[in-house]
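Take a look at the structure below.
The values are calculated or read from the model by the stated rules, or taken from the named source; none is laboratory data. Note that the coordinates shown come from a computational prediction; the quantities given were computed from them, not determined experimentally. When we count neighbours, we look across all protein chains shown, and the Cβ atoms used for this are built from the backbone with ideal geometry, even at glycine.
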Amino acid sequence: MPNINDFKAKLAGGGARANQFKVIMPFPGYAQVGGEIETMAFMCRATQIPGLAVTEVPVNFRGRPIYIAGDRTFEPWIVTVYNDTDFLTRNAFERWHNGINNMSDNEGLTNPADYQVDAFVDHLDRNGNTLKSYTFRGLWPTTIAPIPLTYDPTEIIEEYEVTFRYNFLESNTTT
């Protein structure tokens, strides 16, 4: 029968910590003015490692369905970003959106390579070393959430969410 010492021996490195991560967001060239990539690595307050899913395809045989594996699907990826007083990352996201679809004339970039990037999430150990990394291929923002303005909280830094769509995800084990 397993005991507590067996459990502790299996919990390598004390377990992966949810608060040890880094997001690397290489904004498209037209959305950058300088410093956004480094700032985003610090200002990204929260994200998630997306779940993985393979759809099922029902095939009927004599009135009874059997299921076979279908296609892999990818849920949108969401990051929560602290807003700094110069709006550096927020402005970069807005420029990125405007490149995709400009507000003034409803025109925008038509070649996906011009507005899609590869973004990265590194899951870190307690010493800042990468345990595992994820690469989001062909990523672009679909939604930049509002920033609520209110008199109520006085000790809270503004934050907002950005939702992304991507073509596929690569999981890279580094250890």
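Scoring Ile147 on the criteria (1) under 19 Å from Ala41 (Cα atoms); (2) of a type in the set (A, V, I, L, M, F, W, C); (3) touching a residue at least 60 places away in the same chain (Cβ under 8 Å) leaves a single failure, condition (1). For the range 8-20, filtering for residues that are touching a residue at least 60 places away in the same chain (Cβ under 8 Å) and either in contact with a Cys (Cβ under 8 Å, 6 or more places away or on another chain) or loosely packed, with under 15 Cβ neighbours inside 10 Å (or both) leaves 3.
Just the residues that are surrounded by 16 or more Cβ atoms within 10 Å (Cβ to Cβ) and part of a strand (DSSP E or B), please, taken from the range 46-77. Matches in the range 46-77: Trp77 only. Screening Thr142 on (1) assigned to a helix (DSSP H, G or I); (2) in contact (Cβ under 8 Å) with a residue 60 or more places away in the chain shows it passes everything except condition (1). Among the residues of the range 110-152, those that are buried (at least 16 other Cβ atoms within 10 Å of the Cβ), among the hydrophobic types (A, V, I, L, M, F, W, C) and over 19 Å from Asn172 (Cα atoms) comprise Trp140, Ile144.
Can you report the number of residues in the range 153-175 which are within 21 Å of Ala46 (Cβ to Cβ) and surrounded by fewer than 13 Cβ atoms within 10 Å (Cβ to Cβ)? First the steps, then the outcome.
First, the residues of the range 153-175 that are within 21 Å of Ala46 (Cβ to Cβ): 153, 155-166, 169, 171.
From what is left, the residues that are surrounded by fewer than 13 Cβ atoms within 10 Å (Cβ to Cβ) are 153, 155-157, 171.
The number of residues fulfilling the criteria is 5.
The combined condition, being within 17 Å of the chain's Cα centre (by Cα) and hydroxyl-bearing (Ser, Thr, Tyr), is not fulfilled by Tyr151.
Checked against (1) surrounded by fewer than 18 Cβ atoms within 10 Å (Cβ to Cβ); (2) at pLDDT 95 or above; (3) aliphatic (A, V, I, L, M), Val23 passes all but a single condition, namely (1). Among residues of the range 78-89 being more than 24 Å from Ala18 (Cβ to Cβ) and of a type outside the set (D, E, K, R), the one that is surrounded by the fewest Cβ atoms within 10 Å (Cβ to Cβ) is Thr85.
The residues of the range 6-45 that are more than 18 Å from Asp118 (Cβ to Cβ) and in a helix (DSSP H, G or I), listed by number, are Asp6, Phe7, Lys8, Ala9, Lys10, Ala12, Gly13, Gly14, Thr39, Phe42, Met43. Considered as a group, the residues in the range 145-163 that are assigned to a strand (DSSP E or B) and of a type in the set (Asp, Glu) include one that is farthest from His97 (Cα to Cα), and that residue is Glu159.
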